[in-house]
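Laboratory data are not the source of any read-out in this text; all were calculated from the coordinates shown. Computed from a predicted structure; not experimentally measured. All Cβ positions, even for glycine, are placed from backbone atoms using ideal geometry, and neighbour counts span all protein chains on display.
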Amino acid sequence: MGVKIAVYFYSTYGHMYAMAKSAVAGIKEAGADAVLLRVPETLPADVLKAMHADEAQKAFAGEAPAKYDEFGNYDGYVFAFPTRFGVVPSQFKAFLDATGQTWSQGGLVNKPVAIMTSSAMQHGGQEATILGLIPFLLHHGALYVGLPLTSGVLGDTAEVSGNSFYGASTIAGGDGGRMPSANELAGAKFQAKRVAELAAKLKA
């Protein structure tokens, strides 16, 4: 049986949707099956409109929704979501908080998981957001997969870029107008590919 990796994403303006799609490409490059799943929005429609996010979300509103009862059914996982003041956004956290049944059944035990995120500016809480979710993975018995130096996307100071050893990331800009760069998308692709490769080894 082949390896199947789930990419759970939550996106407001499309930045993390782009990173999630790059993650899917990396998973497929590793020869595994990728399932892209959208964690639902919880903000009211009028708030989204005031944030100018209602139009942007139409681009990914048709992606398959994440379901609690399927959460433990995959061989590996990628979580993609923006930071909210240095912590996991409530939308994604609400989904994870409802995964107690998966936890009780050991659904994530010994399975590789990667986290990627975004912020409006450099030093906008990206690393803190990723580190803040690692206790959740430890409680589930999962294995965290970061972004190593061998990825080739770290350390270049010639341009402004996200990505760190903790995981792939992108900088959206104060008005959300900056979409992920080629280097940031490459980080997402590499990290997700690594998840798929490790999942295959663990499943063998």
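Can you tell me which lysines have their Cα less than 16 Å from the Cα of LYS203? Leave out same-chain residues fewer than eight positions away.
LYS4, LYS111, LYS193
Report the label-to-label distance for ASP33 and ASP46 in nanometres (one decimal), using points 7 Å from each Cα along the Cα→Cβ vector.
Each label point is offset 7 Å from its Cα along the Cβ direction, giving 4.4 nm.
May I ask you to list the GluC sites (Glu not before Pro) in region 41-142 that are in a DSSP loop and have at most 11 other Cβ atoms within 10 Å of their Cβ?
In loop regions of region 41-142 (DSSP not H, G, I, E or B), the sparsely surrounded GluC sites (Glu not before Pro) are GLU55.
Cut-off 10 angstrom, C-alpha nodes, Gaussian network model of the chain. Which of ARG84, ARG194, ARG38 fluctuates the most?
Per the Cα network of the chain with a 10 Å cutoff, ARG84 tops the list.
Taking amide hydrogens as modeled 1.01 Å from N in the peptide plane, which residues meet the under 5 Å criterion relative to ALA34, leaving out close sequence neighbours?
ILE5
Decide, for region 124-182, between rounded, prolate and oblate: order the square roots of the alpha carbon gyration tensor eigenvalues as a ≥ b ≥ c, take rounded if a/c falls under 1.5, and otherwise choose prolate if a/b is larger than b/c, else oblate.
Oblate is the answer for region 124-182, as a/c is 1.5 or above yet b/c matches or exceeds a/b.
Would you work out if region 1-91 is rounded, prolate or oblate? Take a ≥ b ≥ c from the square roots of the eigenvalues of the alpha-carbon gyration tensor; rounded if a/c is under 1.5, else prolate when a/b is larger than b/c, oblate otherwise.
Taking the square roots of the gyration eigenvalues as a ≥ b ≥ c, region 1-91 is prolate.
Which lysines, on any chain, are close to LYS49 with Cα under 17 Å apart, when same-chain ones fewer than 8 places away are left out?
Partners within reach: LYS58.
Give the range of the longest stretch in the chain that excludes all chymotrypsin sites (Phe, Trp or Tyr not before Pro) found in loop regions by DSSP and having at most 13 other beta-carbon atoms within 10 Å.
With a cap of 13 other Cβ atoms within 10 Å, the longest stretch comes to 1-84.
What shape does the chain take by its C-alpha gyration tensor, where a ≥ b ≥ c are the square roots of the eigenvalues and a/c under 1.5 counts as rounded, a/b above b/c as prolate, and the rest as oblate?
Oblate, since a/c reaches 1.5 and b/c is not below a/b.
Just for region 4-203, what percent of DSSP beta bridges are antiparallel, to the closest 5?
10
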